[in-house]
Amino acid sequence: MTFKSLKITRPDDWHVHLREGNLLKAVINHSTRVNQRCIVMPNLNDPITTTLKGIDYIKKINLLSNNNFSPLLPCYLTEDLDLIDFSKGLDENIFIGAKLYPNEATTNSKYGISSTEKIYPALEILEKKDKILLIHGEKVDSEIDIFDREKYYIDQELSLIRKTFPNLRIVLEHVSSKYGAEYVNYSPNIAGTITPHHMMLTKKDVFLDKSINPHHFCMPVVKNEEDLIALRNFATSGNKKFFLGTDSAPHPIEFKVPNLKSKPGIFSAPCSIEIYASIFDEEKSLDNLEKFCSINGPKFYKLPVNADQIELIEERWTVPEYTIHQEIKIKNFMGGKELNWKLKA
Ligand code: NCD
Ligand code: ZN
């Protein structure tokens, strides 16, 4: 038997939730074991809306990680953001850009945006300084089907943002639909991150007869097979507009209940790089894995590509069921299942 092995430039994760306190302690090593840089999401219980909070959060992460690891932080946009402080945070590289959460779209988004026009001054600052706007692209409206939120956000909000700020560079986060991926592909100045789970699951894996599987429940919700196929095709094609963003989003198991009150979020960090490798292998595109994981992201963010490499080997292993730290217990995505690729320690 011949086993394959593959060396690629060290990856970065352009969208991950590291949380804080004991939860941060429980999960951080799963992200630092592979990535040089992570864009750490600012949707803490007390969201990162000021430079002071940003400095404090980065410090907490740095205390728990090795010297080679760099957390990158976008500012959480609110309608009453202090724009002087925001500008300073961008100038001093405390913030890599800003994250737009539509109000009540996902975990800790209650301070998010109800009226996009109210944040036009912040978007103008981002455009002028050539800093990235990261968008959770879902339109939340009781009239709109949960599976159509991405499409409506693109048609009703994102297209207007792009028309108003044509030079603003945008990442459409965790692209979840064929419609969204095609939009990213043909629109200038936009890139998209793609998660492992949106290339693994469809709505049948979440919505069961009378309940849901909370461990497959995330925002945006996973969609149909044609969406999954489109995301696989764009990710594995080498197309420079798409890159790695796991959206690994841990919640302790007590918040994962089998109905729509469950907190949304899938914790994939213990095996995300291994899932990506397996997907690229299945799609006969291992040649393009490095572009997706390690090249396209830094190019879009105008940052240097990492200098060292990681090695992935073709070896069957079983993903542990849980991540446990003190009183915290989190279900791992793919926990108990076998994968064909493994990170060489
Ligand atoms: C994320 C979380 O839990 O913070 N949840 C999720 O379902 N992806 C937030 C987010 O990125 O939407
Ligand atoms: Zn996220």
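Amide H contacts under 5 Å for W317: L339, restricted to partners 5 or more places along the chain or on a different chain, H placed in the peptide plane at 1.01 Å from N. Rounded to the nearest 20 debye, the dipole magnitude of the chain is 620 debye, with +1 charges on Lys and Arg beta carbons, -1 on Asp and Glu beta carbons, and the Cα centre as origin.
Subtracting the Cα-Cα distance of L63 and K110 from 0.36 nm times their residue separation leaves 14.0 nm of extension gain. The figure for Y322 is an accessible area of roughly 90 square angstrom, using a 1.4 Å probe on the protein chains alone. Share of pairwise Cα-Cα distances greater than 37 Å in the range 5-343 is 10 percent (whole percent). Take the chain with all the other protein chains still there, run a 1.4 Å probe, and you get 43 Å² of accessible area per residue.
In this structure the amide hydrogen of I39, modeled in the peptide plane, comes within under 5 Å of the amide hydrogens of D13, W14, H15, V16, L72, none closer than 5 places in sequence on its chain. On the basis of the beta-carbon distance and an R0 of 30 Å, I55 and T164 show a calculated FRET efficiency of 0.45. In the chain, taking the dipole from charged Cβ atoms about the Cα centre, the farthest positive-side position among P252, L52, A345 is held by A345. Of the solvent-accessible surface of the chain, computed with a 1.4 Å probe and all protein chains present, 50% belongs to carbon and sulfur. Here E282 sits with roughly 110 square angstrom of accessible surface, probe radius 1.4 Å.
Karplus-based coupling profile of the range 150-160, in residue order and whole Hz: 5, 4, 5, 4, 4, 5, 9, 10, 5, 5, 6, with θ = phi - 60° in 6.51 cos²θ - 1.76 cosθ + 1.60 and x standing for Gly or Pro. One chain, two ends: E92 and E254. Fully extended at 0.36 nm per residue, the span grows by 54.4 nm beyond their Cα-Cα distance.
So if we plug the beta-carbon distance of K261 and S5 into 1/(1 + (r/R0)^6) with R0 = 45 Å, what FRET efficiency do we get, rounded to 0.05? The partial results should precede the final answer.
Working: r = 44 Å, r/R0 = 0.99.
Efficiency computed from Cβ-Cβ geometry: 0.50.
With r as the distance between the Cβ atoms of Y186 and A307 and R0 = 45 Å, compute the FRET efficiency 1/(1 + (r/R0)^6) and round to 0.05. My answer for the efficiency is 0.85.
The values are calculated or read from the model by the stated rules, or taken from the named source; none is laboratory data. Computed from a predicted structure; not experimentally measured. We place every Cβ from the backbone using ideal geometry, glycine too, and count neighbours over all the protein chains shown. With ligands, DNA and RNA removed, areas are computed over all heavy atoms of the protein, side chains included. Shrake-Rupley method; radii C 1.70, N 1.55, O 1.52, S 1.80 Å.
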